[in-house]
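The values are calculated or read from the model by the stated rules, or taken from the named source; none is laboratory data. Since the structure is predicted, the reported quantities are computational estimates derived from the model, not experimental observations. Quick reminder, even Gly has a Cβ in these numbers, built from the backbone with ideal geometry, and neighbours come from all protein chains shown.
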Amino acid sequence: MEKEKNNIARKLLNPFKGDKAIWFIFIVLAIISLVSVFSSIGYEAETTSRTVGKAFVRHLEFVLLSFFVVVFISNFNYRRFAPASWIGYLLSIALLVAVLVFGHKETAAGSGMNRWLELPLLGSFQPSEFAKIVLIVYLSRLLAQNKEHLKEWPVFRNIVIAVLVIIGLIFAENLSTAVIIFFVCFAMIRISPITANHWRLTILALVAFGLIAIFLGNQLHIPHLERSGTWTSRIDNWLHFDEDKLTQESMARMAVATGKFFGVGVGSTIQARLMTQANNDMIYSIIVEETGMLGGTIVFLLYLFLYIRCIKIAWGCKGDFGRMTVVGLGTLIFFQAGIHMCVSVGALPVTGQTLPFISSGGSSYLCMAMALGVIQAVAYDVKKNESKKEQNTNESNN
């Protein structure tokens, strides 16, 4: 009894379960987030009739809450997430349908699409952020359960349909998020033991269908696809960039150019005073402006190192479900970070994607914390197995 109490006390005193390097990266990114958001949140605070201090405190609350989310989830046996993912999958569908019917428009400066639900206690919530995490965990479960039958067309088809239900619902209100999930999920499917022709034909059919849907939505004004005109105009503006227009893209590029190698100094940003999305969709450009390419490179290396740690955890995981979950969630975080950074420096058209663990935004920050918590839960299990294996080896040698 006393031994059991000691074990419980030891667990409570050591909340940092999982990979220590990932914990370090998460804390560093959170610190960068607090500094960068405080520098760039002024415009949003003004448009929402709040002081900078109140807007920053709101972000600080989400950062602290995210920390406890990671701690809480990392203490679970990750295998319990497999059956729970089915409930999360159904809940995601319900929330995505609800946001299309009852959702609120993003902001006056945003897309104008219905992306938010007003939930009791939580306030504004973006279901697509929750759905993309749940879908990856659910897909990992399906791939692990059907590992021996993935080459069969009916099994492959049913898995693809389950993925497309979520992607299709997100596609109607957030194209960039749908595209990111599409590539992450189909990358997970591709590295599974499937028939390559099934994968290739499915990808070609879906890309063709997506292009046709965008074209028809623009031409025929189909509900929930009318915004295809915005998508195409963003690509056109990127291809034919006009430096004389004062837009989010031009100000982000000016911020990057101003930063040079060492930056103008933390808190000395100029462009953030004018940018409507400086604290979320374009925050990387502000980081580069204030800390230069040196700071921007360090941020990129943090995400790269995080991804490498995820791959190492997946490599050491014995179960297929845990391995696929870590690969999928790690790829999502790194891929989204890469897209955000490319947009901020002008290498890609505007997408509206946040920078994980740095950009302000309650839904995105909390849902990414959920993803990191799941990764840490798997990492903790891998670490325990390695310790047991090492202990057994030592005992056999003695």
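When every residue of segment 213-235 is checked against the conditions, none turns out to be modelled with pLDDT under 90, buried (at least 16 other Cβ atoms within 10 Å of the Cβ) and of a type in the set (D, E).
Could you tell me whether V327 is assigned to a helix (DSSP H, G or I), surrounded by 15 or more Cβ atoms within 10 Å (Cβ to Cβ) and of a type in the set (A, V, I, L, M, F, W, C)? Taking the combined requirement at face value, the residue satisfies it. Quick one: L117 ticks every box in (1) in contact with a Pro (Cβ under 7 Å, 6 or more places away or on another chain); (2) of a type outside the set (F, W, Y); (3) modelled with pLDDT under 90; (4) surrounded by 21 or more Cβ atoms within 10 Å (Cβ to Cβ) bar one, so which box is it? Failed condition: (4).
Within segment 298-324, residues that are under 30 Å from S285 (Cβ atoms) have Cβ atoms under 6 Å from residues that are among the acidic types (D, E) in these pairs: R309/D19, counting only partners at least 6 apart in sequence or on another chain. For residues that are surrounded by fewer than 19 Cβ atoms within 10 Å (Cβ to Cβ) and under 15 Å from W199 (Cβ atoms), scanning just segment 161-183, find the one that is farthest from the chain's Cα centre (by Cα). Here the answer is I161. Within segment 159-211, being more than 24 Å from I87 (Cβ to Cβ) and either outside any helix (DSSP H, G or I) or in contact with a strand residue (DSSP E or B) (Cβ under 8 Å, 6 or more places away or on another chain) (or both) holds for I191, P193, I194, T195. For the structure I just gave you, tell me whether E290 is in contact with a Ser or Thr (Cβ under 8 Å, 6 or more places away or on another chain), more than 27 Å from F130 (Cβ to Cβ) and in a helix (DSSP H, G or I). Considered against the rule, which asks whether it is in contact with a Ser or Thr (Cβ under 8 Å, 6 or more places away or on another chain), more than 27 Å from F130 (Cβ to Cβ) and in a helix (DSSP H, G or I), E290 comes out as yes. Screening segment 323-339 for residues that are under 9 Å from the mean Cα position of the chain (by Cα) and aliphatic (A, V, I, L, M) and picking the one that is nearest to N77 (Cα to Cα) gives L329. The condition of being at pLDDT 95 or above and either within 19 Å of the chain's Cα centre (by Cα) or surrounded by 13 or more Cβ atoms within 10 Å (Cβ to Cβ) (or both) holds for V137. Residues that are at pLDDT 55 or above, in contact with a helix residue (DSSP H, G or I) (Cβ under 8 Å, 6 or more places away or on another chain) and surrounded by 14 or more Cβ atoms within 10 Å (Cβ to Cβ) number at least 2 in the following helices (runs of 4 or more DSSP H) confined to segment 1-47: 20-40, 42-47.
For (1) part of a helix (DSSP H, G or I); (2) charged (D, E, K, R); (3) at pLDDT 95 or above; (4) surrounded by fewer than 24 Cβ atoms within 10 Å (Cβ to Cβ), each residue gets a yes or a no:
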site	(1), (2), (3), (4)
D281	no, yes, no, no
R323	yes, yes, yes, yes
I333	yes, no, yes, yes
G338	yes, no, yes, yes
L348	no, no, no, yes
T351	no, no, no, yes
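Residue-level check: of (1) over 17 Å from the mean Cα position of the chain (by Cα); (2) surrounded by fewer than 22 Cβ atoms within 10 Å (Cβ to Cβ); (3) in a helix (DSSP H, G or I); (4) of a type in the set (A, V, I, L, M, F, W, C), C342 misses just (1).
Yes or no: segment 334-353 includes at least one residue that is free of Cβ contacts under 8 Å to residues at least 40 places away in the same chain, touching a helix residue (DSSP H, G or I) at 6+ places or on another chain (Cβ under 7 Å) and hydrophobic (A, V, I, L, M, F, W, C). Scanning segment 334-353 turns up at least one residue that is free of Cβ contacts under 8 Å to residues at least 40 places away in the same chain, touching a helix residue (DSSP H, G or I) at 6+ places or on another chain (Cβ under 7 Å) and hydrophobic (A, V, I, L, M, F, W, C).
Across segment 353-398, what is the total count of residues that are over 26 Å from L60 (Cβ atoms) and part of a loop (DSSP other than H, G, I, E, B)? Of the residues in that region, 1 qualify.
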